[in-house]
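Q: The structure's right below; bear with me while I get my questions together.
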Amino acid sequence: MTILAIETSCDETSAAVVRDGKILSNAVSSQVELHAEYGGVVPELAAREHLKNLLPVTQTALDAAKISAGELDAVAATQGPGLPMALLVGFRAAQAVAFALRKPFVGIHHHEAHLYSPWISGNPPVVDFSKFQPNVSLIVSGGHTILVLVESELKHRVLGSTIDDAAGECFDKTGKMMGLAYPAGPEIDRLAEQGNPRAYHFPRPMLNDRNDDFSFSGLKTSVRYFLRDHPEVLQDRRALCDLCASVQEAIVEVLEAKTFRAAKRLGVRCITASGGVMCNSRLRERFELACQLEGMTLRLAEKSLCTDNAAMIGILAERKQAQKVPVAALDEDIKPGWVLA
Ligand code: KG4
Ligand code: ZN
């Protein structure tokens with residue numbers, strides 16, 4: 001089965017071609033520079049940029065895969081959640097292509113697709129997911145921080161999520177206070193490499209709460225107060241690196257502790273993780289160490305597949321088509337393939 005997939009839920013315009021569980025192409029055009037001067041994603045600008053980029057990106061994906069439109073068996077797109085105007089651009093374009101080709105259209109839930117991104121890369125990519133189920137999966141990005149129990153393929157249960165800011169938002173907003181450009185996550189990661197994570201202490205919100213939810217707004221506020229009281233830190237590169245390392249450690253420690261605690265409580269021996277923040281080197285390192293220590297299996301999405309991309313949409317669409325999962329009617333709200341705990 002050959003599927004063209006499109007993703008436009010936020011600030012990446014992406015098109016991919018997948019066939020029989022393999023990624024033939026995955027073209028991504030990032031709008032990060034466009035939004036940087038505003039310090040965050042501007043929804044209207046994102047939608048206009050998708051309109052401009054979607055056809056060239058789709059053509060690039062088809063060319064790179066050496067596939068013509070006539071060879072496609074289905075067309076998939078992110079149906080939600082995301083920025084409504086941005087979603088509409090990719091979703092409607094994909095529906096139109098499916099309509100013109102008289103092929104099925106598959107609407108995909110964005111978070112559910114992230115769950116599958118740890119499996120689709122690697123050498124070789126995992127084809128039989130069932131060996132690694134159940135698993136506890138962390139989806140962590142600028143827009144979401146969600147802990148999910150994957151019971152079996154296409155059957156998931158949300159264990160917890162952030163009650164305020166997402167972890168990536170915390171990286172970006174604390175970085176902005178430090179004068180770093182948007183998105184600050186990657187820059188904090190780089191500066192933190194030369195810093196001492198124990199130089200300054202910041203709260204680990206909800207670390208000891210008896211639930212699987214997260215909260216990052218209090219940590220953000222404590223960084224604001226810290227900088228109000230110690231503005232000199234921003235003038236000294238060494239102190240700035242220490243600050244980055246200390247903030248990063250607080251975020252990473254909460255993500256790691258709550259993910260592994262949930263897995264242990266549920267008797268689950270496999271951890272997976274995805275989303276833009278999972279590019280963070282300290283977070284990857286701590287997940288690797290914790291899995292070694294606990295004797296658990298770890299599967300992290302490849303960095304290029306952590307951030308938003310159409311390949312994960314295509315792979316999930318293919319599994320859904322293969323298993324004849326009914327897809328949402330064209331204008332129906334997308335339903336995630338999971339239930340709230
Ligand atoms: O998944 P993504 O591309 O978009 C959504 O938010 O859906 O994630 C972007 C987020 C941003 O908040 C960015 O700062 C963060 O991922 N990020 C990182 C790193 N790379 C990207 N955060 C920490 N360390 C990184 N290396
Ligand atoms: Zn995402």
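The values are calculated or read from the model by the stated rules, or taken from the named source; none is laboratory data. Only a predicted model underlies this, so the values are computations on that prediction, with no experimental measurement involved. Glycine gets a Cβ as well: all are built from the backbone with ideal geometry, and neighbour counts include every protein chain shown. These accessible areas exclude ligands, DNA and RNA; they are computed on the full protein's heavy atoms, side chains included. Shrake-Rupley method; radii C 1.70, N 1.55, O 1.52, S 1.80 Å.
Q: Give the residues of the range 165-182 that are open to solvent by 10 Å² or more (accessible area, probe 1.4 Å) and either hydroxyl-bearing (Ser, Thr, Tyr) or in a loop (DSSP other than H, G, I, E, B) (or both), sorted by residue number. Let's see the steps before the verdict.
A: Pass one, the range 165-182, residues open to solvent by 10 Å² or more (accessible area, probe 1.4 Å): 165, 169, 172-173, 176-182.
Result: ASP165, MET178, GLY179, LEU180, ALA181, TYR182.
Q: Is the range 151-164 home to any residue that is surrounded by fewer than 17 Cβ atoms within 10 Å (Cβ to Cβ), under 22 Å from CYS10 (Cβ atoms), more than 16 Å from ligand 1 (Cβ to nearest atom) and over 17 Å from the mean Cα position of the chain (by Cα)?
A: yes
Q: Name every residue in the range 251-293 that is surrounded by fewer than 24 Cβ atoms within 10 Å (Cβ to Cβ), among the small types (Gly, Ala, Ser) and assigned to a helix (DSSP H, G or I), in order of residue number.
A: ALA257, ALA262, SER281, ALA290
Q: Taking SER304, is it within 16 Å of ligand 2 (Cβ to nearest atom) and surrounded by fewer than 21 Cβ atoms within 10 Å (Cβ to Cβ)?
A: So SER304 passes the test.
Q: Moving on to the next point. Of all residues being away from ligand 1 (no atom under 11 Å from the Cβ) and among the polar types (S, T, N, Q) in the range 165-206, which is nearest to LEU243 (Cα to Cα)? Just the residue, please. Step through it out loud before you land on a result.
A: In the first step, residues of the range 165-206 are kept if they are away from ligand 1 (no atom under 11 Å from the Cβ); the result is 177-179, 194-206.
Next cut, among the polar types (S, T, N, Q) only: 194, 196.
Numbers: GLN194: 10, ASN196: 8 Å.
Checking each candidate, the answer is ASN196.
Q: Does the range 286-324 hold any residues that are polar (S, T, N, Q) and either touching a Leu at 6+ places or on another chain (Cβ under 6 Å) or under 17 Å from ILE271 (Cβ atoms) (or both), and which are they?
A: Answer for the range 286-324, where residues must be polar (S, T, N, Q) and either touching a Leu at 6+ places or on another chain (Cβ under 6 Å) or under 17 Å from ILE271 (Cβ atoms) (or both): GLN292, THR297.
Q: Being within 12 Å of ligand 1 (Cβ to nearest atom) and among the acidic types (Asp, Glu) is true for just one of GLU253, GLU285. Which residue is that?
A: Values: GLU253 fails: within 12 Å of ligand 1 (Cβ to nearest atom).
After applying the criteria, what remains is GLU285.
Q: Of the residues HIS156, HIS114, HIS109, which is in contact with an Asp or Glu (Cβ under 9 Å, 6 or more places away or on another chain), closer than 26 Å to PHE260 by Cβ, within 16 Å of ligand 2 (Cβ to nearest atom) and assigned by TED's automatic domain parsing to the domain that holds ALA74? Reasoning before the result, please.
A: Numbers: HIS156 fails: assigned by TED's automatic domain parsing to the domain that holds ALA74; HIS109 fails: in contact with an Asp or Glu (Cβ under 9 Å, 6 or more places away or on another chain).
Of HIS156, HIS114, HIS109, the one residue that is in contact with an Asp or Glu (Cβ under 9 Å, 6 or more places away or on another chain), closer than 26 Å to PHE260 by Cβ, within 16 Å of ligand 2 (Cβ to nearest atom) and assigned by TED's automatic domain parsing to the domain that holds ALA74 is HIS114.
Q: For the range 25-133, which helices (runs of 4 or more DSSP H) that fit wholly inside it have 3 or more residues that are crowded, with 21+ Cβ neighbours inside 10 Å and modelled with pLDDT of 95 or more?
A: Of the helices (runs of 4 or more DSSP H) lying wholly inside the range 25-133, those with at least 3 residues that are crowded, with 21+ Cβ neighbours inside 10 Å and modelled with pLDDT of 95 or more span 43-65, 84-101.
Q: Given the conditions (1) modelled with pLDDT of 95 or more; (2) among the hydrophobic types (A, V, I, L, M, F, W, C); (3) open to solvent by 30 Å² or more (accessible area, probe 1.4 Å); (4) in contact with a Lys or Arg (Cβ under 8 Å, 6 or more places away or on another chain), which single one is not true for MET206?
A: Exception for MET206: condition (1).
Q: Can I ask one more? Taking VAL148, is it in a strand (DSSP E or B) and open to solvent by less than 10 Å² (accessible area, probe 1.4 Å)? Outline the logic, then answer.
A: Working: in a strand (DSSP E or B): yes; open to solvent by less than 10 Å² (accessible area, probe 1.4 Å): yes.
The answer is yes for VAL148.
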